[in-house]
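Scroll down for the structure; my scribbles are underneath it.
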Amino acid sequence: MMLALLCLCLLLGSTAASSVQSRFSSFVGEYGAGGGTAFSFSTEQLNGPITGLRVRESTSSIIGVQFQYGGRWGAYYGSTSGPLLEVLLHRGENITQVSGKVATYVNELVYVTSHGRILKFGQPAGTSFNDFPLFDGTVLRYVSGRYSSVIHSIGFHWGRLP
């Protein structure tokens, strides 16, 4: 009887914790056609909030991405050809919305920040998407997707700051 009660308490506790966590994070899936190799900045987010981003673009698509967390650059995913565009966020600034366009690859990314800045990369061709957090008080925590010599698909993970 005691073991059954303990198991029930653990089950209810983990369900409650899962319910609390789900109210503070959201992810709707990836935008794009897929293919390539999977990538994720989920580990880098442990270094702090996003403080900068780097993007490489071609004449038709996004070919590489990298994010800075708490002053430390994470891994770079994509092609290393072409110029590297870099934007550093201001102190206390966070990404609150991402839109863009996808076709065979990710063609355009437009980041909107809590300070009202609009950071646009790539070319406006393809099917539009718009992604934003589902819960108040949450911001972009990390990005995942698929890549090769271009970014095939991309997804946005929203949550509370650490």
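The values are calculated or read from the model by the stated rules, or taken from the named source; none is laboratory data. Here the structure is a predicted model, which means the values were calculated and not measured. Every residue, glycine among them, receives a Cβ derived from its backbone with ideal geometry; neighbour counts consider all protein chains shown. To get the accessible areas, we keep the full protein, side chains included, count just its heavy atoms, and leave off ligands, DNA and RNA. Shrake-Rupley method; radii C 1.70, N 1.55, O 1.52, S 1.80 Å.
As a summary of the residue check, residue 29 satisfies the conditions (1) more than 22 Å from residue 103 (Cβ to Cβ); (2) at pLDDT below 95 except for the one numbered (1). Would you say residue 112 is modelled with pLDDT of 95 or more and within 25 Å of residue 148 (Cβ to Cβ)? Here the answer is no, as residue 112 does not meet what is asked.
Condition first: in a strand (DSSP E or B) and either surrounded by fewer than 23 Cβ atoms within 10 Å (Cβ to Cβ) or of a type in the set (A, V, I, L, M, F, W, C) (or both). Now tell me which residues in the stretch 146-162 satisfy that. Scanning the stretch 146-162 gives 146, 151, 153, 154, 155, 156, 157, 158, 159.
The single condition among (1) within 13 Å of the chain's Cα centre (by Cα); (2) crowded, with 16+ Cβ neighbours inside 10 Å that residue 106 does not meet is (1). For the stretch 65-84, the criterion of being among the aliphatic types (A, V, I, L, M), in contact with a Ser or Thr (Cβ under 8 Å, 6 or more places away or on another chain) and open to solvent by less than 20 Å² (accessible area, probe 1.4 Å) is satisfied by no residue at all. The residues in the stretch 122-145 that are closer than 12 Å to residue 101 by Cα and open to solvent by 30 Å² or more (accessible area, probe 1.4 Å) can be counted, and the count is 7.
For the stretch 121-136, the set of residues classified as closer than 20 Å to residue 42 by Cβ and either free of Cβ contacts under 8 Å to residues at least 24 places away in the same chain or not in a strand (DSSP E or B) (or both) consists of 132, 133, 134, 135, listed by residue number.
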